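Right, one structure below, let's go through it.
Only the coordinates and a few stated rules stand behind these numbers; no lab work does. Being a predicted model, the structure only gives us computed values, none of them experimental. With ideal geometry, Cβ positions are generated from the backbone for all residues, glycine too; neighbour counts draw on all protein chains shown.
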Amino acid sequence: MDKDIVIEIDNLKKKFGDQEVLKNMSLKLFNGENLVVLGKSGSGKSVLIKCIVRLLNYDEGTINVFGKDIRLLNKKELAEVRQKIGFLFQSGALYDSMTVKENLEFPLIRIKKNLTQKERNEKINEVLENVGLADALNKMPSQLSGGMRKRISLARTIVVDPMIMLYDEPTTGLDPVTSDEISVLINDVQKKYKTSSIIITHDIECARATANRIIMLQNGETFKEGKLEEFEKSDDKIIKSFFKS
């Protein structure tokens, strides 16, 4: 596998009962890029990234992460790969019974076991500063707006220095201004942490703001792949239905 490729998926298939959600889906994620996977609800986008970290098992095909076939990894090896991958869930998935600090400290204690308490505190303050919420340290998730919760979820994901970021519909349910702020943050994370990212979305403005490259899914298959400009100039009816201004 090419050293510049961090994820390579080949002919991925996934069914739920008789419903074929992914059909011969293939993609490559290159080192340092933001790859947007665009498609309507039900096109298989979220299933795709859950297969990458083996939250879902797939039926056929291969997924290589850092050159390793994830299906062949044992429990310990899979855990080691997962520690290098940040997954921003659509819901945010914060622990409601924990403060912001405790939410961020939780993955640090599990993954960065050699850090002192002082080093953990410094790391938590750094990522909160980077998402613009340094003053939220001792707040509970219930005291945060939807956009703030998303920012804290992102801070919790990047606090362990992942090499790959997987974003599942990062702007869903947010107002346009907050959505724009999250898109800016995604680009900031790419630059500051040198991440390679897959951004799952049906939000065209998020795609415009973040994509180095776009893959469009249609009925569980790759419909088109290319740069933003290629999509915006396309005369295809399906593509134009997404990219109309």
Give me the number: length gained by fully extending Ile238 to Glu129, i.e. 0.36 nm times residue separation minus the C-alpha to C-alpha distance, one decimal in nm.
35.2 nm
Using amide H atoms built in the peptide plane, which far-off residues or other-chain residues are under 5 Å from Leu22 H to H?
Lys14
With R₀ set to 25 angstrom, the calculated FRET efficiency between the beta-carbons of Arg54 and Asp18, to the nearest 0.05, is 0.60
Distance cut-off 31 Å, Cα to Cα: go down the list Lys15/Lys113; Lys23/Lys227; Lys28/Lys118; Lys23/Lys112; Lys28/Lys101; Lys76/Lys224 and report the pairs above it.
Lys15/Lys113; Lys28/Lys118; Lys23/Lys112; Lys28/Lys101; Lys76/Lys224
³J(HN,Hα) computed for each position of the range 54-66 - Karplus, 6.51 cos²θ - 1.76 cosθ + 1.60, integer Hz, glycine/proline x:
6, 6, 10, 8, 10, 8, 9, x, 10, 10, 10, 10, 6
Can you give me the span-like helices of the chain, meaning DSSP H runs with 15 Å or more of Cα extent along the axis and Kyte-Doolittle mean at or above -1.0?
100-111, 146-158, 176-193
Distance between the range 35-71 and the range 197-231 - C-alpha centres, whole angstrom
15 Å
For the chain, what is the percent of antiparallel DSSP beta bridges, rounded to the nearest 5?
55 percent
Trypsin sites (Lys or Arg not before Pro) restricted to DSSP loop in the range 126-207 with at most 11 other C-beta within 10 Å
Lys194
Give a quick list of chymotrypsin sites (Phe, Trp or Tyr not before Pro) in the range 71-134 that DSSP marks as loop, anything other than H, G, I, E or B, with at most 14 other Cβ atoms within 10 Å.
Tyr95
Taking the Cα centre of the chain as origin, sum charge times position over the Cβ atoms of Lys and Arg (+1) and Asp and Glu (-1), and report the length of that vector in debye to the nearest 20.
600 debye
Pairwise FRET efficiency - Lys194 versus Ser41, Cβ, R0 = 45 Å, nearest 0.05:
0.90
